[in-house]
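Each remark here refers to the structure printed beneath this line.
The values are calculated or read from the model by the stated rules, or taken from the named source; none is laboratory data. Computed from a predicted structure; not experimentally measured. Backbone-built Cβ (ideal geometry, glycine too); neighbour counts: all protein chains shown. Accessible surface areas use protein heavy atoms only, side chains included; no ligands, DNA or RNA. Shrake-Rupley method; radii C 1.70, N 1.55, O 1.52, S 1.80 Å.
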Amino acid sequence: MTNKLIARQLRTAGELLELTGGNAFRARAFASASRTVDRMDEPAAQYDVQELTTVRGIGKGIAADIREIVETGTLSLNESLLQSLPPGLPEVLRVKGLGPKKVRAMWQELDVASLEDLEQAAASGALASLPGFGAKTVQNVLASIEQLKVYRGKSHYAKALPEAEAARDALRAAGHRAEITGAIRRQCIIIDRAEIVTDASPEAAAAALSAYRVTDGMGTLPNGQPLHLHTASPEAFGTVLWRTTGSEAHLGLWREAFGEPDDVAEESEIFEAAGVGFIPPPIREGTWEVQAARGGTLPTLVTLEDLRGTLHNHSTWSDGADTLHEMAEAARARGLTYYGIGDHSRSLHIAHGLSLEELAAQQKEAAELNEAYAARGEDFRILTGSECDILQDGTMDFPDSALAELDVVVASVHINLSMTEAEATERILRAVANPHVDILGHATGRLLLRREGYPINVDAVLDACAEHHTAIELNANPWRLDLDWQHLRAARERGIPVSINPDAHVTDGLDDTRWGVAAAQKAGLEAADVLNARSREALLEWTGATVS
Ligand SMILES: [Zn+2]
Ligand SMILES: [Zn+2]
């Protein structure tokens, strides 16, 4: 578990204590412990209670809480505090500019217990009567509520998929045929419901899914999202699966081209009858895929197994939880042949960016580890590199002389995110033009369901990537999936390689790669379009580096 995740739980504890009117001293202790853990150089997860108490700002009680977070993944204190609050109140904490103190005041004085209450209080002028709420603040609160309501009820594909799979498996365990369909089958990145096709009767399905409280084909997933069941006879199962999978646009284009399909048991029969190849579900969005099917140019989508290495990863050198050696070994254990270092650069203090001296020391460690791999005859190497910050003026955080030493340089924006489209685009274009930059990292900086990215002129950025032979990252973290899949076809058309990077901060983070692959499939990418599907030699030839 990373320090960041531990820090987040501690911060939540402080906020909830303040919100519930608990001991103010204790609330402050949690807040300060959260900052301390966030700034620690060593992973707090490796410390026992005794060692934790030697860290300044961490007392015995919080040390035990940290151990609980590390061992169980959660803090029971937070859960019991949440129980004591109106269910809608924690969401109010997410409104930009509102701390627990303000939220408590609104709750106590204005009876604000949900986003809707807050919206009403803002509209009625009641909010403006509280100290510290000027017209501008009220306006910002309303804008933030609007955004939060758009995010509400939605989840990442990575979170929704396992829930849908569990429901599907419950139906299968009861002897029914069941397949996930709808947006989850299309691997959409944001999901607001799960849909399953089953041959079980409505009564039998309700019985098999008793935990989901199914009535009239509708149930509720543990995450609160709706579960829609589509009942199909065995003879028409394939057709119902087909009809519930494609987007409206896809179904429209298909019907125009091939008419309404007959009832079939297997979906593949629909494609056979039309005389075209099987259109993979992720690309059934109604853009180019029906045309490609007719022309016989359907892609063979990239798979996780196609990937030969991983680029852009963090270790304890910056803000990762595991050492470089542990991260590399985890990559090797996953059958990869290279691990690309992507620790932060010197200006990013909050993430322990490396100084030039540390960068040199890290290269030395990588060389030593590589010598050992070579001596053992392992087909595996660590590639030196950096996730180097793009400074506000578009220059790189490390000088060219340092970047020239590295195998793979990822350039990313992390600070000063409030920019106009022109400013953001200009900043990125300058970085992309740097001959030492190999990959543009998370191009828009968005955090799905949490923060919109800064606006960029995607066409201009992609044109520059093509001109300067810079790859574009598909950041595989389910919060990011940045650059968005909808732009990746444009990258492919320009011949820009796409690098599917987990941006891992712990060894298990390497497995996030699968979410990037899912998004790449959605874009219709093939192995040949993906930078890290290349062999180590081919990759290094492309970046212009060599490694012994
Ligand atoms: Zn980054
Ligand atoms: Zn990163």
Task: Sequence of I390, I350 from largest to smallest accessible area, 1.4 Å probe - done: I350, I390
TODO: Quote the relative contact order of the chain in percent (integer), defining contacts as alpha-carbon pairs under 8 Å separated by 6+ residues.
DONE: 10
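How do 439-446, 85-92 rank on mean C-beta neighbours within 10 Å, highest first?
Those peptides, ordered most packed to least, come out 439-446, 85-92.
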Task: Globularity ratio of region 304-543, using Cα Rg and 2.2 N^0.38 Å - done: 0.92
Open item on the list: For a protection proxy built on the mean count of beta-carbon atoms within 10 angstrom, sort 448-460, 30-42 highest first, please.
Closed with: 30-42, 448-460
Task: Accessible-area composition of region 265-381, carbon plus sulfur, in percent [1.4 Å probe] - done: 51
- [ ] Note down the Stokes-Einstein diffusion coefficient of the chain in µm²/s, whole number, using a Kirkwood radius over alpha carbon pairs, 4 °C, and 1.567 mPa s.
- [x] 50
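Which whole-number percent is the relative contact order of region 304-543 (Cα, under 8 Å, 6+ apart)?
21
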TODO: Would you grab the residues whose amide H sits under 5 Å from the one on V506? Only those 5+ places off in sequence or on another chain, please, with H modelled 1.01 Å from N.
DONE: A321
TODO: Using the heavy atoms of the protein chains and a 1.4 angstrom probe, tell me the accessible area per residue for region 486-548 in square angstrom.
DONE: 38
TODO: Could you rank the peptides 382-389, 48-55 by their average count of other C-beta atoms within 10 Å per residue, with the highest value first?
DONE: 382-389, 48-55
Open item on the list: Suppose each label sits 7 Å from its Cα in the direction of the beta carbon; what would the T297-E378 distance come out to in nanometres?
Closed with: 4.3
TODO: Note down the Stokes-Einstein diffusion coefficient of region 155-295 in µm²/s, whole number, using a Kirkwood radius over alpha carbon pairs, 4 °C, and 1.567 mPa s.
DONE: 84
Task: Cα-projected label distance for K159 with M218, points at 7 Å along beta-carbon direction, nm - done: 2.2
- [ ] Would you mind checking the pairs K60/K154; K159/K364; K96/K364; K4/K96; K4/K154; K60/K102 and listing those with alpha carbons more than 32 angstrom apart?
- [x] K60/K154; K159/K364; K96/K364
Open item on the list: Between S233 and E357, how high is the FRET efficiency from 1/(1 + (r/R0)^6) when r is the Cβ-Cβ distance and R₀ = 51 Å? Nearest 0.05.
Closed with: 0.15
Task: Unit charges on C-beta of K, R, D, E only; dipole of region 155-295, Debye - done: 480
Open item on the list: Give the average over all directions of the projected area of the C-alpha convex hull of region 297-399, one decimal, in nm².
Closed with: 9.0
TODO: Grab the DSSP H runs of the chain that are 4 residues or longer, score each as -39,500 (n - 2.57), total them, divide by all residues and round the 222 nm result to the nearest 500 deg cm²/dmol.
DONE: -13500 deg cm²/dmol
Open item on the list: Taking the alpha-carbon distance from K101 and a cut-off under 21 Å, which lysines remain once sequence neighbours fewer than 8 residues away in the same chain are dropped?
Closed with: K136
Task: Globularity ratio of region 102-143, using Cα Rg and 2.2 N^0.38 Å - done: 0.98
TODO: Compute the convex hull volume of the Cα atoms of region 26-179, divide it by the residue count, and report the result per residue in Å³ as a whole number.
DONE: 187
Open item on the list: So if I place +1 on the C-beta of Lys and Arg and -1 on the C-beta of Asp and Glu, and nothing else carries charge, what would the dipole magnitude of region 304-543 be about its Cα centre? I want it in debye, nearest 20.
Closed with: 500
- [ ] Step through the residues of region 270-285 one at a time and calculate ³J(HN,Hα) from phi using the Karplus curve (6.51 cos²θ - 1.76 cosθ + 1.60, θ = phi - 60°), rounding each to whole Hz and writing x for Gly and Pro.
- [x] 5, 6, 4, 5, 7, x, 10, x, 5, 7, x, x, x, 9, 7, 10
Task: region 366-422: Cα Rg divided by the 2.2 N^0.38 Å rule of thumb - done: 1.58
